[in-house]
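Structure first, then comments.
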Amino acid sequence: MTAVSSPVPGPPAAGAPGPGPDGPDATVSVPPFAVIPGAQVRRVLQGREDQIVQLVEATYRLHSAGDSVNPPSYFLRFPDRPASRIIALPASIGGPVRVDGLKWISSFPQNVAAGIPRASAVLILNDHDTGYPFACLESSIISATRTAASAALAADWLSREREGGGRPARIGFFGTGLIARYIHTFLAATGWRFHETGVHDRSADSAAGFRGYLEQSGTGGRITVHERAEDLIRSSDLVVFATIAGLPHVTELSWFGHNPLVLHISLRDLAPEILLASGNIVDDVEHCLKANTSPHLAEQLTGNRDFLLGTLDDVMAGRVSVPADRPVVFSPFGLGVLDLAVGKYVYDEVVRSGELNVIDEFFHELRRYG
Ligand SMILES: NC(=O)c1ccc[n+]([C@@H]2O[C@H](COP(=O)([O-])OP(=O)(O)OC[C@H]3O[C@@H](n4cnc5c(N)ncnc54)[C@H](O)[C@@H]3O)[C@@H](O)[C@H]2O)c1
């Protein structure tokens, strides 16, 4: 393994230039292949929350403008392990990022009981011009980061655009694992302050662990662990769902009578009836109305998509206004283009630092006729 400092763009040849049918084209070469471990990913992303939120915002705008390709995610499921899955998110992004790639992310919920994280992932970046993969990045951090940045972006825009709006000062976390921690970190780092932070988890250990994290993080205000879901929701103006529920388990519309802003990150917690009584914003309509998410169930129940107000980009562009007289629910399916944008940002920063770990001779069969 070799550390190199500047292989992009137009990475140096790791082997011979690729000969085309009319002979070799000296401008096209095989990029070196690098591996970026989680420790490097974390060093790049830590403390850059504002920049990452801006990057995610710009990526949503690019995606909405059509400068991306983001096919449906593919869910690999196992008859012998029904709670587990591995999802493939292929994507391509244009604009200044200009990269293709794939996130391959596993969710094995039983890992948590064994003391290791539920989700694990890699991100492959492919060179725009040759298609060659040029980096493999540890991606559970990238995935959690882009999810939290998207949640913080949505919280900001949706609270700002709401009539009579302002930032809610009472937050409640429903499901308190790694994603909840990242979302809290992103909100705090982007200027949110809470008088009250509510915590609810079906696991007392998780609730206590999250409380410990909150206390260490120096968050101000009161922290309350709610045993009852109802108490958490009724006492929060910003509710973050980050459970691993596969089917809706929150069915009482009256709990939302105070019209909170809801970040429905785990996508399957809310009964469709609650969505039908709410203003619904998604990241991408076609993506979100799939895989039995609550919005997908609402579509199946009504036979139409009238319950959707639009996308976050519609809100950012002023095409959709955000109601104050009912709950507002943001359901982000999670787009591969966000992983690509954050992954390429990490790659570029690691290159800049001169610490890119290149795997020598990764691509080895480079002459067509030997
Ligand atoms: N939309 C997106 O873009 C996106 C991206 C990443 C993760 N996610 C989702 O975020 C969720 C959380 O991920 P994580 O890594 O934090 O998982 P995790 O396993 O670390 O934490 C989940 C927590 O939810 C709790 N929980 C599960 N069911 C519950 C219920 N019915 N009521 C109360 N608590 C419950 C668990 O006890 C656990 O503490 C997952 O569903 C994941 O798929 C969404």
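The values are calculated or read from the model by the stated rules, or taken from the named source; none is laboratory data. Everything numeric in this text was worked out from a predicted model, so none of it was measured. In this analysis, Cβ positions are derived from the backbone assuming ideal geometry, glycine residues included, and neighbour counts consider all displayed protein chains. When the accessible area is computed, the model is the full protein with side chains, heavy atoms only, and any ligands, DNA or RNA have been set aside. Shrake-Rupley method; radii C 1.70, N 1.55, O 1.52, S 1.80 Å.
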When region 292-311 is examined, which residues are found to be part of a helix (DSSP H, G or I) and of a type in the set (S, T, N, Q)? 294, 300, 302
Tell me the residue from 370, 343, 336 that is surrounded by 24 or more Cβ atoms within 10 Å (Cβ to Cβ) and either out of contact with any helix residue (DSSP H, G or I) (no Cβ under 9 Å at 6 or more places or on another chain) or at pLDDT below 95 (or both), please. 336
The listed residue being within 29 Å of residue 40 (Cβ to Cβ) and in contact (Cβ under 8 Å) with a residue 60 or more places away in the chain, out of 188, 155: 155
Give me the residue from region 284-297 that is within 13 Å of the ligand (Cβ to nearest atom) and among the charged types (D, E, K, R) and, out of that set, most open to solvent (accessible area, probe 1.4 Å). 290
Quick check on my filter: what residues within region 48-70 are part of a loop (DSSP other than H, G, I, E, B) and over 15 Å from the mean Cα position of the chain (by Cα)? 48, 65, 66, 67
Which of (1) acidic (Asp, Glu); (2) in contact with a Pro (Cβ under 8 Å, 6 or more places away or on another chain); (3) surrounded by 16 or more Cβ atoms within 10 Å (Cβ to Cβ) does residue 161 not meet, given it meets every other one? (2)
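Can you name the residue in region 207-228 that is out of contact with any helix residue (DSSP H, G or I) (no Cβ under 8 Å at 6 or more places or on another chain), within 16 Å of the ligand (Cβ to nearest atom) and part of a helix (DSSP H, G or I) and, of all such residues, is most open to solvent (accessible area, probe 1.4 Å)?
Among those residues, the one meeting the criterion is 211.
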Identify, please: which residue in region 106-127 is open to solvent by 60 Å² or more (accessible area, probe 1.4 Å) and of a type outside the set (A, V, I, L, M) and is, among those, nearest to residue 92 (Cα to Cα)? 120
Verdict on residue 354 being closer than 30 Å to residue 134 by Cα, buried (at least 20 other Cβ atoms within 10 Å of the Cβ), out of contact with any Pro (no Cβ under 8 Å at 6 or more places or on another chain) and not aliphatic (A, V, I, L, M): no
Go through region 171-206 and report how many residues are among the aliphatic types (A, V, I, L, M) and either at positive phi or outside any helix (DSSP H, G or I) (or both). 2
Answer yes if at least one residue in region 306-327 is among the hydrophobic types (A, V, I, L, M, F, W, C), over 27 Å from residue 99 (Cα atoms) and out of contact with any helix residue (DSSP H, G or I) (no Cβ under 7 Å at 6 or more places or on another chain), and no otherwise. yes
Tell me which of these residue 143 doesn't satisfy, since it passes every other one: (1) near the ligand (Cβ under 8 Å from one of its atoms); (2) open to solvent by 40 Å² or more (accessible area, probe 1.4 Å); (3) in contact (Cβ under 8 Å) with a residue 40 or more places away in the chain. (2)
Test result for residue 320, surrounded by fewer than 23 Cβ atoms within 10 Å (Cβ to Cβ), modelled with pLDDT of 95 or more, in contact with a strand residue (DSSP E or B) (Cβ under 6 Å, 6 or more places away or on another chain) and outside any strand (DSSP E or B): yes
Selection from region 241-274 of residues that are more than 10 Å from the ligand (Cβ to nearest atom), out of contact with any Leu (no Cβ under 8 Å at 6 or more places or on another chain) and touching a residue at least 40 places away in the same chain (Cβ under 8 Å): 256, 259, 270
Failed item in (1) part of a strand (DSSP E or B); (2) surrounded by 18 or more Cβ atoms within 10 Å (Cβ to Cβ); (3) over 18 Å from the mean Cα position of the chain (by Cα), with residue 281 passing the rest: (3)
What residue, of 184, 195, is open to solvent by 30 Å² or more (accessible area, probe 1.4 Å) and either more than 17 Å from residue 148 (Cα to Cα) or within 12 Å of the ligand (Cβ to nearest atom) (or both)? 195
Would it be correct to say that residue 167 is within 10 Å of the ligand (Cβ to nearest atom) and either assigned to a strand (DSSP E or B) or not aliphatic (A, V, I, L, M) (or both)? no
